[in-house]
Amino acid sequence: MEALTHGATTDCPEATEYLPWTDPRFRADPYPFYARALAEAPVLRDDFDGSYVLTKYEDLMHYGRLPSVRIAPEWEKAGAWRVLRDMALGNDEPAHTRLRRQTNKWFTPKRVREWAAVTADIADRVLDRIGPDGLVDGSALAVEVAHRVVCEVMQVEADGVEEVRATMRRAMLILSARPTPEDHADAELAMREMLRGSAALLDYKRANPGDGLLDSLLAAQDRGEMSASEVLMTTLFFYVVGHMDAGYLMASGLHLFTRRPELFERFRADPGVREAMVIELARYDAPEPVITRTTTEDLVIRGVHVPAGRSLRLMTGAANHDPDVFDNPDEFDFTRPPEQSRNLTFSFGNHGCQGRLLAEAEIRVVWERIAARYSRIELAAEPVLRNTDASRHYYELPLRLHR
């Protein structure tokens, strides 16, 4: 408590005064709420669980990277997702680096170029199924392509994409700031399904060896470099999560193109802006706008004393719209200079998303394959989104593609 003698306080606004986690308006469009918190109360305290909420880009980059701010304790509180304690995302150093090293080679820039070619082939096959009326569910298209690409990386069959998608929706609800008992129960059932499916994939690979990601994990297990549980949880994570953020951003971009047709025209005409458009969309509409960490020592953040052992909710979606970093943050502007393109959507530091380059390539390639066939994208009906404070999901995105 020494910090309190230097002007620190235990008082700060209650989180739901600014970020009403369960309010449908906040879940549909959190950005006006983020803007008020950023301007008036960048540090908040959630009286429900004693966690502290940070919104400023600078604070996330500093406090989120401190060695004393850890990820592992958060998975102990994560209900069904506690199983991730046995894979890289659920660990701090040194276990994090040990486990991440086992999958690094599958997501190097060179390998991602190979996966981009795979993505183009898969996207073309999915687009071939669209009829002459051009009607398609853009969210289903996006999820199917992303899931099939991950299955190619793993060298397993890509059956059951809708089942995987539905199961993940059920499991994600408990990561909200206000999960219900029903959310927890449903997530436990969903996790059991995912564990059974992941174990079946590994059984398949034992019987049908190849040279994919899962073969590499099993070989590491045989060498004693990974435990059976670590292999299973790493398999589960890539198989069930691999479609989610990339699929959401693909769909969000298609939705944006219906509202801003000039953006699609520019994307079609100018290959030089395509990567920038993908990066700007990731900043503009983060699919998972929060990450959580735990303090292991007392901190003072903007004059607020945060005791050891408290959760930090790091609002990456808010930080991506911080006006101290991004000019006109609520505008989609793919011409931003490089220093305004460093968004936190795929996390940061040691825990930066390993699949970020692959996700960005998948998004760009799917849009490119659509742009090669079609000149305009329109909504065929209103989209259906079901979001929480922690994740965003298109359930339906009815589109009409015009040649």
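Worth pointing out:
- Matching residues, segment 381-396, being assigned to a loop (DSSP other than H, G, I, E, B) and surrounded by fewer than 18 Cβ atoms within 10 Å (Cβ to Cβ): Ala381, Glu382, Arg386
- Flag if Asp322 is in a loop (DSSP other than H, G, I, E, B), buried (at least 19 other Cβ atoms within 10 Å of the Cβ) and acidic (Asp, Glu): yes
- Candidate set from segment 347-366 (those that are of a type in the set (Gly, Ala, Ser) and touching a residue at least 24 places away in the same chain (Cβ under 8 Å)); member that is surrounded by the most Cβ atoms within 10 Å (Cβ to Cβ): Ala359
- Verdict on Arg45 being modelled with pLDDT of 95 or more, surrounded by 14 or more Cβ atoms within 10 Å (Cβ to Cβ) and farther than 30 Å from Tyr395 by Cβ: yes
- Just one of the listed residues (Val300, Val290, Val273) is among the aliphatic types (A, V, I, L, M) and farther than 24 Å from Ala15 by Cα, and it is Val273.
- Only one entry in Leu54, Leu60 is within 18 Å of Asp11 (Cα to Cα), surrounded by 15 or more Cβ atoms within 10 Å (Cβ to Cβ) and either modelled with pLDDT of 95 or more or in contact with a Phe, Trp or Tyr (Cβ under 7 Å, 6 or more places away or on another chain) (or both), namely Leu54.
- Selection count where residues are over 19 Å from the mean Cα position of the chain (by Cα), closer than 23 Å to Leu19 by Cβ and at pLDDT below 90, scope segment 63-106: 2
- Pair list, Cβ < 7 Å and 6+ apart or interchain, from segment 135-162 residues that are over 21 Å from Tyr204 (Cα atoms) and of a type in the set (Val, Ile, Thr) to residues that are crowded, with 18+ Cβ neighbours inside 10 Å and modelled with pLDDT under 95: Val143/Val161; Val143/Arg165; Val143/His243
- Within segment 326-347, the residues that satisfy the criterion of being over 25 Å from Arg293 (Cβ atoms) and of a type in the set (Phe, Trp, Tyr) are Phe332, Phe334.
- Among the residues of segment 344-380, those that are outside any helix (DSSP H, G or I) and among the aliphatic types (A, V, I, L, M) comprise Leu344, Ile377, Leu379, Ala380.
- Put simply, of Ser229, Ser198, Ser176, Ser252 the only residue that is within 16 Å of the chain's Cα centre (by Cα), among the polar types (S, T, N, Q) and closer than 16 Å to Trp81 by Cβ is Ser176.
- Arg313 modelled with pLDDT of 95 or more, closer than 16 Å to Met61 by Cβ, surrounded by fewer than 22 Cβ atoms within 10 Å (Cβ to Cβ) and basic (Lys, Arg): no
- One residue from Arg192, Arg170, Arg206 being touching an Asp or Glu at 6+ places or on another chain (Cβ under 6 Å), assigned to a helix (DSSP H, G or I) and among the charged types (D, E, K, R): Arg170
Residue-by-condition table, conditions (1) over 19 Å from the mean Cα position of the chain (by Cα); (2) modelled with pLDDT of 95 or more:
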residue	(1), (2)
Gln354	no, no
Ala361	no, yes
Arg369	yes, yes
Arg376	yes, yes
Tyr394	no, yes
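- Total residues in segment 158-170, condition surrounded by 15 or more Cβ atoms within 10 Å (Cβ to Cβ) and of a type in the set (Gly, Ala, Ser): 1
- Evaluation of Gln155 against the conditions (1) in contact with a His (Cβ under 6 Å, 6 or more places away or on another chain); (2) surrounded by fewer than 22 Cβ atoms within 10 Å (Cβ to Cβ) shows that the sole unmet condition is (1).
The values are calculated or read from the model by the stated rules, or taken from the named source; none is laboratory data. These figures come from a predicted structure and were not determined experimentally. For neighbour counting, all protein chains shown are included, and Cβ atoms are generated from backbone atoms with ideal geometry for every residue, glycine included.
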